[in-house]
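Report on one structure; see the data block that follows.
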Amino acid sequence: PKLKCTTPKTIFPTTACNFRNVSCYKHHDTQNCPFGWCAITALGNFDHTQGGHLILWELKLIIEFPHGCTVLIPSATIMHSNIPVADGDVRVSITQYCAGSIFRYVDNGFRTDRALREEDKQRYEEAQAAKEHRWKMSLGLLSTLEGLKAGKRPSIGMFQ
């Protein structure tokens, strides 16, 4: 069957819309790609100085997050949450991200882990062993202050 793209003007394969005053507790998005970005857009009618703040726990930051703004964070690796908005205010959000399982599926030759294990045990074992060192590749995708000062362009994907 032919799949229809629901959000044709985004690079992200997944979009979640929160249409109620949703605030979230401190968490990692553990199913997201650990070296990928998550775009969070705040919308609604609320006083951003009184609520809706984004908290990035490891960075010890509390950020005012006004209506119409978008922030990009590595949501699988940075603990984050947000503050509820004031009574009577309305805040909704759109979150865009890429699930880690999409990368696993591609790495497995367009097969699930289960299918790869059943069809090619050796490649499955190699894929499992490679996971132990994937964090090094992930760190290599991040910009450093020294690199930015030297004019090195930030890496936006693992295929550059």
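The values are calculated or read from the model by the stated rules, or taken from the named source; none is laboratory data. Since this is a predicted model, take the numbers as computed values, not measurements. All Cβ positions, glycine included, derive from the backbone under ideal geometry; neighbour counts span all protein chains shown. We work out accessible area using only protein heavy atoms, side chains counted, and drop any ligands, DNA or RNA first. Shrake-Rupley method; radii C 1.70, N 1.55, O 1.52, S 1.80 Å.
One residue stands out among those in region 45-62 that are open to solvent by less than 60 Å² (accessible area, probe 1.4 Å) and within 17 Å of ARG20 (Cα to Cα): the one that is farthest from the chain's Cα centre (by Cα), which is PHE46.
Residues considered: THR41, THR15. Of these, the only one that is part of a strand (DSSP E or B), without any contact (Cβ under 8 Å) to a residue 60 or more places away in the chain and within 30 Å of VAL106 (Cβ to Cβ) is THR41. If the condition is being more than 20 Å from ALA76 (Cβ to Cβ) and either assigned to a helix (DSSP H, G or I) or at pLDDT below 85 (or both), then region 104-121 contributes ARG114, ALA115, LEU116, ARG117, GLU118, GLU119, LYS121. Restricting region 122-152 to residues that are among the basic types (Lys, Arg) and more than 18 Å from PRO74 (Cα to Cα) leaves a set whose member that is modelled with the lowest pLDDT is LYS152. For region 69-103, filtered to residues that are under 26 Å from CYS33 (Cβ atoms) and part of a loop (DSSP other than H, G, I, E, B), the residue that is least open to solvent (accessible area, probe 1.4 Å) is SER75. Please verify whether THR77 is under 18 Å from the mean Cα position of the chain (by Cα) and under 30 Å from SER23 (Cβ atoms), treating the condition exactly as stated. Judged against the criteria, THR77 is a match. Could we say that TYR25 is among the hydroxyl-bearing types (Ser, Thr, Tyr), open to solvent by 40 Å² or more (accessible area, probe 1.4 Å) and either free of Cβ contacts under 8 Å to residues at least 60 places away in the same chain or touching a helix residue (DSSP H, G or I) at 6+ places or on another chain (Cβ under 7 Å) (or both) here? Judged against the criteria, TYR25 is a match.
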